[in-house]
1. Take every Cα-Cα pair in the chain and report what % of them are more than 18 Å apart.
2. Tell me, what is the percent relative contact order of the range 1-42, built from C-alpha pairs under 8 Å that lie six or more residues apart?
3. Leaving out ligands and nucleic acids, note down the accessible area per residue over the chain with a 1.4 angstrom probe, in whole Å².
4. Please give me the summed charge of the neighbours of Glu123: other residues whose Cβ is under 13 Å from its Cβ, Lys and Arg +1, Asp and Glu -1.
5. So in the chain, what percent of DSSP beta bridges are antiparallel if you round to the nearest 5?
6. Given Cβ point charges of +1 (Lys, Arg) and -1 (Asp, Glu) and nothing else, what value in debye, to the nearest 20, does the dipole of the chain about its Cα centre take?
7. Normalised by the residues of the chain, what does the relative contact order come to in percent, with Cα pairs under 8 Å and at least six apart?
8. What does the C-alpha gyration tensor say about the overall shape of the range 51-111? Classify as rounded when a/c is under 1.5, otherwise prolate if a/b is larger than b/c, or oblate.
Amino acid sequence: LERTQPGDQLILYYAGHGSRDPKHGGGAFRLRDGRLPVAQIFAWIERRFRGRQAILTADCCYSGALALEAPLRAGRVAYAALGSSLSTVTSTGAWTFTNCWIDAIEGRKPVDLDGDGILRLDELARYAERRLGFIDGQVSSFAVANGFPSTFELGRTRPRRHPRRSEE
């Protein structure tokens, strides 16, 4: 974080284990040598990150703590937070949420819900919500704060070649 520059954007992605953190009033990521409270992650970003926009996302139990914490932060950093579950429940071990991010990174058309060729953050959030609900019977979480645009552009869709046409 100390090496960031003004104008940089931060994307934090965590996949692993999460837990409730009643001591700090939220959730925590479980690490090999302990726990990292979600509130501490936000505090580090606010102290050390020199950019203005941060996307925080997690595929773990209680990951909705990110979406609860983001709106509580007032300051210069605009936040978007996406989690594979609500802050009060466990998550699936099927990695469906992670697969939704992979679909977005690869520019797959199903993520582009309005079909305009542009992948937006709010579309990814709705896509993940639908996939998690349908496949896992689970509810994901999403929040933006401090002016982060929910329509933030992640990229464009990539055309897929038809297998038979690629042989021609």
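1. On the way: 8503 of 14028 pairs.
Tail of P(r) above 18 Å: 61 percent of Cα pairs.
2. Numbers: 35 pairs, mean separation 10.0, N = 42.
Once divided by the residue count of the range 1-42, the mean separation gives 24 percent.
3. Working: 9630 Å² over 168 residues.
Spelled out: the 1.4 Å probe surface of the chain, per residue, equals 57 Å².
4. 0
5. Details: 17 of 30 bridges.
Counting only bridges with both partners in the chain, antiparallel ones make up about 55 percent.
6. Numbers: 24 positive and 19 negative charges, 61 e Å.
Rounded to the nearest 20 debye, it is 300 debye.
7. Details: 356 pairs, mean separation 35.3, N = 168.
The value is 21 percent.
8. Working: a/c = 3.31, a/b = 1.25, b/c = 2.63.
Oblate, because a/c is 1.5 or more while a/b does not exceed b/c.
The values are calculated or read from the model by the stated rules, or taken from the named source; none is laboratory data. All figures in this text were calculated on a predicted structure; none of them were measured in a lab. In this analysis, Cβ positions are derived from the backbone assuming ideal geometry, glycine residues included, and neighbour counts consider all displayed protein chains. The protein model used for the area step is the full one, side chains on, heavy atoms only, and it has no ligands, DNA or RNA in it. Shrake-Rupley method; radii C 1.70, N 1.55, O 1.52, S 1.80 Å.
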